[in-house]
């Protein structure tokens, strides 16, 4: 660990020096670095897909859709938009201050720390990295030890493509993170669990470091059967895709549980079963299209959630587990008790509880008993229900009639609220996330008003009062001696 | 007058529960409620100015003009702006969707965070209490205000007026000191807004971390003033004087803390300052009624110690008189105190102004950069290149050229710090945003589903995905038509 401590200190020293040199301020440098990330991903598609397959059993199409494609798009958007993003925003100032000028410029924080996660180890590392670089910072990335092949790829390949004095990668687990957090950073970006998010923020507080925490929660999916029955096939497919089609439910925006009226639950289940089969065949374990669970410990956690006898009793599909192969079968539960563990922690796995209600409106009440999630999904065409969901629940985001796809919309901020996180990114929000918005005001040395200065008297007091109220006409009267 | 009872953990818990119930009942969400509360705050400003001025005179010896202008007038403007703009601020913002999410529409909805805590400071007790509360209420939150106990008359008046005029089911004031603040900080808030010192800022953020509560910290620092010889000296000096001694006698977060100028120019600056100081405050500034006093004996002793330090006391070139009984220290200028002296190591927050001379004005950048980032940095010059360089390379909360502090009054510029001087910003719409969660909402159609999204995965799907990511219409058509 001594060696690691020195490495961290040395890296920090070099990054700070690089930042101070001003090299990262140049838009040309930033675009070149982001362009290099693009090239790195394009050149190494096979290597990356192979690493993701080894770490998580991810199929290359899923890997591309959820990771490589995301990074390529993010890099393209950043390169094409950076000039626009970096333009100072001019502000209108009140007449009183004429001819003063005001503007806001985005400046990089300095040397920032990105702590990534294991479930989307490439995109959750490179996407924030793109934001940090676009904003002109030097960056240290710590990738997750629970995705060792992806982590090793990043540690080996980033130095070959990017400016090593400005952008660094460190591998390791909690002990490395602890060392990193002892130091002062200008910003910390963390993706992970709320439990660790608290630790990160507490460490950041010691140095007054601003943080962005992309956490998680139980993302509910409301199915208002009344109003979407015509398109139920699409709905079922999207829910199934949102649960099992992306890292086997191990995504912060995965469909966690479904809420549906009791009378429709069984038909939903009857449609989900063949959908699962159409995705993964008779034996999902052998399909090659279902990701693995991250580690044995994670399998054990999911196992434990299922072992509650009341939860066991609610299994209507699946339930088999193969710890050796890091496999949990796509599983559906019907009405596990609301006080069971599985209904009180983020599942982060391929188990789908279906919670029934008498009236779909009740789903809002259930959602409100839980911490604010990263996303709420609702399949409905009922405008009243949509309005109620928007105004009575709180979440990072709400998506109507689909799942997970809000991630792809880079005009929308991606981030949580409450337990699901602090701050946001994607698109320009990534640039802003890593920038300090600095206000600049320029006054004029000419046009000085005596009324601004002591010694105070009634005239000056009246003058300034009127000036603040922008009562210009009365001001003129005052100055002409026509007002007391 | 009600007897003060000790406010402890149980009281804090009951308070938050009460307010949360009000918030959950929807009390604070409607436009009408927010407008009514804001109008009530306006009535407080309109009908109670003499009492506010009297309380500020008690607590700080603040001159009527400062109280009237820098506290009441600024507040009045802030309220009026919120009343005028609230509908706009509350309206959802449309966001652009892209080919990858077509067909869809997207918007960003501002929603209140819930129950928020505003902890205010003693130097501008009305402004720094009510201005953030304006933001909290505009954004639809329930709010608890804890004013500073170091300005007791103001704190009591705030408690009385707010109870009298505002909806106490959703807006409360808790008076007190460390015990009460600690009790409040143990509760879970949806946002904490703190104005004060960097030291306590750390404590606040650490407490917030336990609940993943986002924070705005308006802290301070040593705001430098760089004076170029290419300037209008009289105007420069007048603005520095009124910005320092005319704003709560140097006890302001954006007070000019120290001056940087060339060895050659310094004598001219000192002579000009002496002349204008006499014009403003007379030959006997200790008798002038146009300056606040030092807030209390603790701060008086602190400032005294800064002046009495060896190698500092002999650098006084103007002023230096002290009167502990009346808590007064004369406007004092020091020349070339040692860089490692106490007075150059902490935020002065008082009527002492060190002038540091440089061989070359260029050196100011290194001096400023070697210190923690301040809340404001000032420059007086006609030189356009110097202005550009200063604005882009000096990192501070905000930069003001050719004036002092006046950017506080500009609602179109975000007001906040960076690094040690704080995180987050407010004023104008930035206040509304500071107390809002910007919820991303995506409306998707149930038609138009692409098999590409779902397993089983195949090469064809991969090609289409790649084309979609590139948003390349031609490639997409080629694939769809089977030509690729």
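Miscellaneous remarks
- Looking across segment A:191-210 at every residue that is surrounded by fewer than 24 Cβ atoms within 10 Å (Cβ to Cβ) and over 12 Å from residue B:206 (Cα atoms), the one that is nearest to the chain's Cα centre (by Cα) is identified as A:192.
- Failed condition for residue A:168, given (1) within 24 Å of residue A:250 (Cβ to Cβ); (2) in a strand (DSSP E or B): (1)
- Test result for residue B:318, within 14 Å of chain A (Cβ to nearest Cβ) and touching a residue at least 12 places away in the same chain (Cβ under 8 Å): no
- Enumeration of residues in segment B:268-315 that are under 32 Å from the mean Cα position of the chain (by Cα), surrounded by fewer than 21 Cβ atoms within 10 Å (Cβ to Cβ), outside any helix (DSSP H, G or I) and within 14 Å of chain A (Cβ to nearest Cβ): B:288, B:289
- Residue match in segment B:381-395 (condition: touching a strand residue (DSSP E or B) at 6+ places or on another chain (Cβ under 8 Å), surrounded by fewer than 18 Cβ atoms within 10 Å (Cβ to Cβ) and outside any loop (DSSP other than H, G, I, E, B)): yes
- Scanning segment A:262-303 for residues that are within 28 Å of the chain's Cα centre (by Cα), away from every other protein chain (no Cβ under 13 Å) and in a helix (DSSP H, G or I) turns up A:296, A:297, A:298, A:299, A:300, A:301, A:302, A:303.
- Note on segment A:72-102: residues that are out of contact with any strand residue (DSSP E or B) (no Cβ under 7 Å at 6 or more places or on another chain) and at the interface with another protein chain (Cβ under 8 Å from one of its Cβ atoms) amount to 6.
- The lone exception for residue A:307 - which of (1) within 14 Å of another protein chain (Cβ to nearest Cβ); (2) over 31 Å from the mean Cα position of the chain (by Cα) it fails: (1)
- Restricting attention to segment B:36-58 and to residues that are within 23 Å of the chain's Cα centre (by Cα) and in contact (Cβ under 8 Å) with a residue 60 or more places away in the chain, the residue that is farthest from residue B:72 (Cα to Cα) turns out to be B:37.
- Test: residue in segment B:43-61 that is in contact with a strand residue (DSSP E or B) (Cβ under 6 Å, 6 or more places away or on another chain) and at pLDDT 95 or above: no
- Of all residues in segment A:388-414, those satisfying the criterion of being assigned to a loop (DSSP other than H, G, I, E, B), more than 7 Å from every other protein chain (Cβ to nearest Cβ) and surrounded by fewer than 24 Cβ atoms within 10 Å (Cβ to Cβ) are A:393, A:404.
- Residue check, residue A:239 closer than 25 Å to residue A:277 by Cβ and within 10 Å of another protein chain (Cβ to nearest Cβ): no
- Test: residue in segment B:440-453 that is under 30 Å from residue B:71 (Cβ atoms), at pLDDT 90 or above, at the interface with chain A (Cβ under 7 Å from one of its Cβ atoms) and in contact with a strand residue (DSSP E or B) (Cβ under 8 Å, 6 or more places away or on another chain): no
The values are calculated or read from the model by the stated rules, or taken from the named source; none is laboratory data. Please read all numbers here as calculations on a predicted model, not as lab measurements. Methodologically, a virtual Cβ is constructed for each residue, glycine included, from the backbone with ideal geometry; neighbour enumeration extends over all protein chains shown.
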